[in-house]
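Read through the structure below, which is laid out as structure tokens, and then see the notes.
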Amino acid sequence: MNNRQAEIFFSDILNESYERHTHPCGLDIYVFPKKMTATYAILATRYGSIHNAFQIDGGELITVPDGIAHFLEHKLFFNEDGSDSFERFSEYGADANAYTSFNKTAYLFSCTDRFAESLGELIDFVTHPYFTKESVESEMGIISEEIRMYDDTPSDRCFYGMLEAMYEHHSIRRNICGSVSSIRRITPELLYSCYEAFYQFSNMALIVCGDVTVEEVLAIADRHLPRTAPQRKVTSPNENLCESPSVFRRETVQYMQVAKPLFQIGFKDVAIPEKGEDRQRKDAAMAILDEILFSRAGELYSSLFERELISPSFSYGYTISQTSAYNAIGGEADDPYRVLSEVRDYLDRVKKNGLSQSDFERAKRVMYAEFVKSFDSTDNIANNLLSFICEDSELLSYADILDGITFEEVEALLATSFEEPATALSIVFPRNQTSSQ
Amino acid sequence: MTPQTRHISDAITLTAIQTDRFKTGVLTITFSMPQNPVRAAHHILLTGIMRRGTQRYPSLAAINRRLDELYATEVEIRSSKLGKNLLLTITAEILDDRYVRSQTDILAGVIDALSEIVLHPLYAHDSFNEETVTQEIRCAIDALDAEINNTRAYAVTRCTEAMYRENPEFPTVKKIKDVLSLTDGKTLYRHYCELLSLASVNVFYIGGAPIDRVASLLDTAFAEYPQGARAGVIALSPATPCASIALKEQMPVSQGKLAMGFRTGISIATAPDYHKGLVLNELFGGSPASKLFLNVREKMSLCYYCSSSYSIYTGDMMVSSGIEVKNHDRVRQAILSQFADIQQGRFTDTEFEAAKRSLENCYRQIYDNPLDLSSFFGSRRFFGFAEDVEDCREAIAAVTREDVISLAQGVVCDTEFFVEGTTESEEVEADE
């Protein structure tokens, strides 16, 4: 392969490294050698559920039904000769899967043998779409059941209720799978349109992590990729620009079969840096801040749990991408409104009194340790690397970025985050329970 | 990676694998006693009490801060069953010292913290704090009630309870809740003392430290652990079939959840046969190459998931599927039909070899995860079973078509539980 570009990334403290090469067709190939039994490979595209409106080469805006990116992911496994790629992976002894998120779709496998065959199959089936009216019809039943499964899952409904409350226009408020009615509008022609727009090699990445060499991976890629590929400019609107800093509505309330109310509190953040490295820094600083504020070692969790205002399970975290960002905390509580009130009082108090240096140091240590521990699995490494790539940032530098975050930086972030107008509450109450505020 | 063993005391045995393969080591301390519903309920409460603090770290926040100082050591405390043995397991995931910039001896700190959790929970005057116990009872009951949040798991739990309905020692959710409501601080403290004095204790370590170092740290930290005779491990015996039963429960959900219990009659209690059970399960519904996935899902489009799982301890095989309610009978027949195909030998060599390759892939990957290694060796050594990963892989490779057909012909599906959803899916249009 004639390399247009080869770059090596290395971390001393982690003792890990990987390389990036760009194939002549435009595909970026990342090889992360790791002495493990399993090798893990992902071929992914920066195309997810939020990309349901797009322009090709500046043409008219094309809108497609919700859930089409996920539907396309399902259908790619079906080949023109009538075979299913899952069966081929099984012949090779590989374990294959795929997933669609808000901003990417990934096709993957792990194997302990016959890596060359499995990687060849991965590249082949993802780059050879085949959609027919019959195959689209047959998938409707499967995906309809998947949608019903998520519809019956209270934690999923609570999460989407939070997104629907925070965002008025952004597609992130819509279910990744779509709905039973939206997927009925999907046709083979629409699938091909989306494929041609977003499955361009320049929009994709191949990642391999395991006991492999760079040369081996590039040789296999060369055998299965074309030497050239057409490139078209595809743009999707940046939906963050249409969003107010305040939430769309204050709450979403749903009723389902649950033993105790579930809640999610979302804090909308429209201050999204344009550059990937700046987003990465903000992500690191916010992760430290969240750890200080919401962890089980902190004041808020102890106070809420010991007064039986929440159940032991309690989640928290920050999510940031090119077009959306938010903090979310969640759990179970008999009175979610009381929990929201307590959280607001606590945040106001902390903003007024400031953070403690010892909590800051402890939180940095925790985030660093969690980052290092993620390098014990080829699966985690490959998927984390993909997330960083999709955000135009670099994985191995994250440890140094964490180390470089200052106390003042985190205090400044606290001052501008978690504002009251940016706060939304999502609740799933047990059926037959009336909500009262 | 060959495990080594040391006896720390009459009560405590250490099994360890030294390797620098991972950035995270795992230390597991397992207490085992014969199971009954009363002990099962008390174990659940103890897991909550133990995380609430110790004499040296007297609050939830204090013990968690200490673990954070030890580079975010994650400690999970849970209760579970292994055959007829009740386990209380404390698992710590420990960052290797090579990756820290400060002079912190993480392993020593963690073992010390674990000994605090085990030997010095917060009690006084032969009782745990009544208010704390009352809170933990409510948490435990809430967690058991919350099983309805996950109808897939709910169906499997109800099916399993139905399979063991004739066993009075089987800890059903109802029995556990009944015991919980009668427990107080003094009762729980007595159970805690019984645990320390009767339970056999197995420690499993995998990480960069040599076994002698781990043994020495454990010896020091657990020096005051009570000595004396320990309850023996109750040997496994495969479950025997009951009369067939099909149960149904209506719930306000849109998707039906079907669970079907099959009894294979073989487990690691009847080794070496259990590998045939692994292959049978994989062929039937254990992977995307299985008969259930390829036929009931892909060809018939009847479900998003339809899979089976096999317990090497009980020999039970459980099928789980999410379906449209109106397709209940059709899916049930399809599942039984796929199994009948196996019984009649109606599966190709390709399908059979794919099942074995899938298992081969799975067992080779055990070496990549310290928790999987801990689980594999820990459970087998617990029953005095000397099998290692290579032995297991070879036994799987040696399983023949005839073995699987013969085994399948003796398998009985005698229990079914169906959650019948009564709600239509709510349609939310995109343009709201």
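The values are calculated or read from the model by the stated rules, or taken from the named source; none is laboratory data. Computed from a predicted model, the values in this text were never measured in an experiment. Every residue, glycine as well, gets a Cβ built from its backbone with ideal geometry; the counts of neighbours run over all protein chains shown. Ligands, DNA and RNA are excluded from the accessible area calculation, which covers all protein heavy atoms including side chains. Shrake-Rupley method; radii C 1.70, N 1.55, O 1.52, S 1.80 Å.
Here the stretch B:147-171 is the region considered, the condition is being open to solvent by 40 Å² or more (accessible area, probe 1.4 Å) and charged (D, E, K, R), and the residue that is nearest to B:Asn36 (Cα to Cα) is B:Glu169. The set of residues in the stretch A:81-110 that are part of a loop (DSSP other than H, G, I, E, B) and among the hydroxyl-bearing types (Ser, Thr, Tyr) comprises A:Ser83, A:Ser101. Scan the stretch B:211-229 for residues that are open to solvent by 60 Å² or more (accessible area, probe 1.4 Å) and either part of a loop (DSSP other than H, G, I, E, B) or on the phi > 0 side of the Ramachandran plot (or both) and jot them down. Passing the criteria: B:Ala223, B:Glu224, B:Gln227, B:Ala229. Can we say B:Thr183 is modelled with pLDDT of 95 or more and open to solvent by 30 Å² or more (accessible area, probe 1.4 Å)? So B:Thr183 does not fit the description; no.
In the stretch B:36-72, the qualifying residues are those that are among the charged types (D, E, K, R) and assigned to a helix (DSSP H, G or I), and the one that is farthest from B:Asp105 (Cα to Cα) is B:Arg39. Counting residues in the stretch B:74-81 that are more than 29 Å from B:Leu182 (Cα to Cα), under 27 Å from the mean Cα position of the chain (by Cα), more than 8 Å from chain A (Cβ to nearest Cβ) and open to solvent by 10 Å² or more (accessible area, probe 1.4 Å) gives one or more. Restricting the stretch A:108-135 to residues that are buried (at least 22 other Cβ atoms within 10 Å of the Cβ) and within 14 Å of another protein chain (Cβ to nearest Cβ), the residue that is farthest from A:Leu191 (Cα to Cα) is A:Thr112. Taken together, the criteria place A:Ser295 among residues that are in contact (Cβ under 8 Å) with a residue 60 or more places away in the chain, within 10 Å of another protein chain (Cβ to nearest Cβ), within 25 Å of the chain's Cα centre (by Cα) and crowded, with 18+ Cβ neighbours inside 10 Å. Filtering A:Glu80, A:Glu91 for residues that are more than 12 Å from chain B (Cβ to nearest Cβ) and farther than 28 Å from A:Glu391 by Cβ leaves a single hit, A:Glu80. Note on the stretch A:343-374: residues that are farther than 30 Å from B:Asn369 by Cα, open to solvent by 40 Å² or more (accessible area, probe 1.4 Å) and not polar (S, T, N, Q) total 6.
For the stretch B:344-370, filtered to residues that are more than 18 Å from A:Glu91 (Cα to Cα) and surrounded by fewer than 18 Cβ atoms within 10 Å (Cβ to Cβ), the residue that is farthest from the other protein chains (Cβ to nearest Cβ) is B:Gln344. Going through (1) under 21 Å from the mean Cα position of the chain (by Cα); (2) within 14 Å of chain A (Cβ to nearest Cβ); (3) outside any helix (DSSP H, G or I) one by one, B:Glu282 falls short only on (3).
Return yes when A:Ser393 is touching a helix residue (DSSP H, G or I) at 6+ places or on another chain (Cβ under 7 Å) and open to solvent by less than 30 Å² (accessible area, probe 1.4 Å) and no when it is not. Against the criterion (touching a helix residue (DSSP H, G or I) at 6+ places or on another chain (Cβ under 7 Å) and open to solvent by less than 30 Å² (accessible area, probe 1.4 Å)), A:Ser393 qualifies.
Of all residues in the stretch B:118-159, exactly one satisfies the criterion of being within 22 Å of the chain's Cα centre (by Cα), aliphatic (A, V, I, L, M) and under 16 Å from B:Leu60 (Cα atoms), namely B:Val118. In the stretch A:212-322, counting only helices (runs of 4 or more DSSP H) that sit wholly within it, the ones holding 2 or more residues that are farther than 30 Å from A:Tyr150 by Cβ and polar (S, T, N, Q) span A:299-306. Please go through the stretch B:238-259 and pick out each residue that is within 14 Å of chain A (Cβ to nearest Cβ), closer than 30 Å to B:Leu407 by Cβ and either over 26 Å from the mean Cα position of the chain (by Cα) or open to solvent by 20 Å² or more (accessible area, probe 1.4 Å) (or both). Within the stretch B:238-259, none qualify. The lone criterion from (1) of a type in the set (Asp, Glu); (2) more than 14 Å from chain B (Cβ to nearest Cβ); (3) in contact with a strand residue (DSSP E or B) (Cβ under 7 Å, 6 or more places away or on another chain) left unmet by A:Glu411 is number (3).
Restricting B:Ile266, B:Ile206, B:Ile176 to those that are β-branched (Val, Ile, Thr), in contact with a Pro (Cβ under 8 Å, 6 or more places away or on another chain), outside any strand (DSSP E or B) and within 23 Å of B:Asp391 (Cβ to Cβ) reduces the list to B:Ile266.
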